[in-house]
Structure formats: structure tokens, C-alpha cells
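What follows is one structure encoded as C-alpha cells, with my remarks underneath.
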Amino acid sequence: MKKKSVALMAAAVLAMPFAVSAKSTVQIYGKARVAYLHADSGAGVNSGDTLFNPGGSKIGFKGTEDLGGGNAAWFQLEETFPLDGEDASWTSRNTGIGLKGNWGLFGAGQWDTPYKQIGGGSDTWQGIGDTGIGGVDAIISNRDTTAGNGTHVPYTFARRHKGLLWYDSPDFGGFRFSAAFSDNRGDDAVGGVNTPDSATGSPRLYSLNASYGNGPLAIGFGYEKHKDFVRSGSNDDAWTLSGAYKFAQVFRIGLNYEHLKYSDDVAADSGDTQRNSWAVFADWHVGGPHSLHAAYVKANSTSGSQVATLGSVVGNAGAGGTGANLWVLQYGYAFSKRTSVAMTYARLNNDDNANYFQYGAVANPGQDQTVYGLTMSHVF
């Protein structure tokens, strides 16, 4: 009898790791997305055809472990899936670890900031997307970036940010909120210095949002502050308001308004470069596999006495001519719930002193861009 009891106890002990692992799940997911475009950027720059990664192409691994009491541990590892041959590295996209439960979700890692989740590129508000052919990040939020990559890093407010700690609330009858702050690594300072408290300052980000979604209506507000990003002592911030309404489950109209401010140390508040932009989006599921998407984005001229080039935002002491507008029209065809194609036409018009761009860059202020092409996507 004792031998039988010992054998049963040993079997139970050996089975424990397998019982625990049975509560843990790991999923492979992603989207394969590639585009072929033709760009006309004006005199002598970035004109021609190219196969490229339009953004959103990814492969990832995510999982959870049930910790009991309604709580769970979670992780996600995500990288770009570059079908055009572009170099990519592991964890280049949303990657993190944390805990979640009925109280909400806590995460740490590299992730889209709460502000970016409310911006004009969010699928909640429109179907064009923030990057790729006709991507609205050409104007909204001063482009999209992963912190530490690209020349727009210190200036953009549509960020996938490194060293982020964040909290997402549970759903309170359609109301939700998120808040985040970053460590003070120097990846975001001009020059990409990696030492906190360096000569370029001690960069830190604070970001939050609040949203409401119920039936056909969705509304969101986002705010973000950047400390020591452009230079030591700079304090830049932005706020955005977005909304969308869907009619009869087939037609959706979305709106976005955004205010960006880049601080100036010389002339105090009167020198700050400020820029307002607004956008309207429309998505129409025509019937069956067919859909139409359209967007109009307008950037007003900047104000303030500062003279500086801040990414695509140009401060010229209020002289004017630094605005732009973007028109986008897209036709989509869904072969299935997972596989689709989209044909897109986009026209960006710069004022005389503006240098916004969709693809590549512009050689001189005031140049316009026309981009059109075909994008194919497969979700897995």
C-alpha cells in the first residue's frame, strides 16, 4: 500500500510541470505585406518604380500563462517581415512582457505609445494606414518611427518607443485609458547618444490616451510630452483628438485634429514652433469583396519665431508657406478574410516653403509628390 502511495505521489510530482505548461499558450502570428509603387517626386529625386515594405508586414510570437485568480503573465516578440529584402532584426516591432487581469494590463518593453494608438493612422479611425502608399504619417504626427531609427526620431509623435513602461485599463462600459513613460536612454536625442544625462540631456517620454467605443461610435484623445529630445532643455508636446462613426456597418467616416509644439529656448513661448493639422477619412464596403477608402489631410503653416527644420515641420519665424495637403484614394479587393490587394493613388502638395514627403524625400522645398501602386497583404 505504501509503495503504491509513493508511486502515485512520484507520478503526481513528475506531472506537475506538464500541468503547468498546459496552462501556457504560445501563438505564431503575422502579416505578409509588400507593395510595388511608382513615385514622381519632382526634379531629380526618388522618382521611379520600386518594390518595398509598406509597413505592417510582421511576424511574431506571443503567449500567456494562467497564474490563477484571473491573472496571467504575457509576452510578445515581434519583428518586421521584409518581403522586399530589407534588413530586419528580432524585436524590431512591438515586443514586451508583463502581467494582466481584471485590473488591466501592465507591460514593459518596446511598444506603440498611447498617443500613437489614437493618431490618424489607427485602424479605429480609418482604413488607409499610417505608412505605405498614401500613408497619412506623411503629415500626421510628423511621420512614424521606431525610436532609435531614422532622422525623424527626435521629432515624431507616432512612435514605437524603446524602454517603455505602460498600463492599459480594463473596459469600463466602452471607456478605456492608457498611460506610459520611458526610461531616459539617449536613443532619441539628436545624434542618438546612448548615455543618460549626457550633453544632449536626459531624454524621457510621457504619453497617455483616453477613448470611448460603443456600437458605431468611437472617440479618442491622446497627449504626449518629450523632454530633451531635440536638445538639452527642450520640452515638446502634442495632443490629438480623433473620432469615427459607422453607418449601417458599411460606411465609416473618421476625423482627426492634431496640435504639435516644439519648444524654443531663445524666445520662450513666443518662439515655440507650433503646427495644427486636420484630416477626414472615409471607408465604404461597397459589397462583397470590394471596398473604397479615401483620405484628405491638411497641415497648416507653422507659427512662432523659431527658425528650424524639425523633421518635416519647418519653422520659419511665421513667414508662412509651410503647410501641405495630402489626397489619398484606395480601392481594395479581398480574396478572403486573410488575403487582399489594394490599389492606391496619393498626391501630396507642398506650399512654397514646405518639405513634407510620402516616399524618399523631396529635393527642394515646395516640390509636390505623386505616388501610386499595388499592395498585397496576407494575415496569418
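Looking at region 277-312, which of its residues are of a type in the set (A, V, I, L, M, F, W, C), more than 17 Å from K246 (Cβ to Cβ) and modelled with pLDDT under 95?
V307, A308, L310
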Inset, instruction - May I ask you to say which residue of D130, D123 is modelled with pLDDT under 90, of a type outside the set (A, V, I, L, M) and touching a helix residue (DSSP H, G or I) at 6+ places or on another chain (Cβ under 7 Å)? - result: D130
Legend entry - Within region 349-380, considering residues that are over 19 Å from G127 (Cβ atoms) and not in a loop (DSSP other than H, G, I, E, B), the one most open to solvent (accessible area, probe 1.4 Å): N349
Legend entry - Verdict on S301 being in a loop (DSSP other than H, G, I, E, B) and out of contact with any strand residue (DSSP E or B) (no Cβ under 7 Å at 6 or more places or on another chain): yes
Legend entry - Within region 51-91, considering residues that are hydroxyl-bearing (S, T, Y) and without any contact (Cβ under 8 Å) to a residue 24 or more places away in the chain, the one surrounded by the most Cβ atoms within 10 Å (Cβ to Cβ): T91
Inset, instruction - May I ask you to say which residue of H285, H293 is part of a strand (DSSP E or B), over 20 Å from the mean Cα position of the chain (by Cα) and either surrounded by 15 or more Cβ atoms within 10 Å (Cβ to Cβ) or of a type in the set (V, I, T) (or both)? - result: H285
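One line per residue, one yes/no per condition, for (1) of a type in the set (G, A, S); (2) in contact (Cβ under 8 Å) with a residue 60 or more places away in the chain; (3) in a strand (DSSP E or B); (4) under 30 Å from S291 (Cα atoms):
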site	(1), (2), (3), (4)
L99	no, no, yes, no
L105	no, yes, yes, no
G109	yes, no, yes, no
D123	no, no, no, yes
I128	no, yes, no, yes
I133	no, yes, no, yes
T145	no, no, yes, yes
Legend entry - Residues that are in a strand (DSSP E or B) and aliphatic (A, V, I, L, M), drawn from region 229-251: A238, L241, A244
Legend entry - Meets criteria (more than 14 Å from the chain's Cα centre (by Cα) and either more than 20 Å from A238 (Cα to Cα) or touching a residue at least 40 places away in the same chain (Cβ under 8 Å) (or both)) for F157: no
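The values are calculated or read from the model by the stated rules, or taken from the named source; none is laboratory data. Every value quoted in this text rests on a predicted model; they were computed, and no experiment measured them. All Cβ positions, glycine included, derive from the backbone under ideal geometry; neighbour counts span all protein chains shown. Surface accessibility is based on the protein's heavy atoms, side chains included, excluding ligands, DNA and RNA. Shrake-Rupley method; radii C 1.70, N 1.55, O 1.52, S 1.80 Å.
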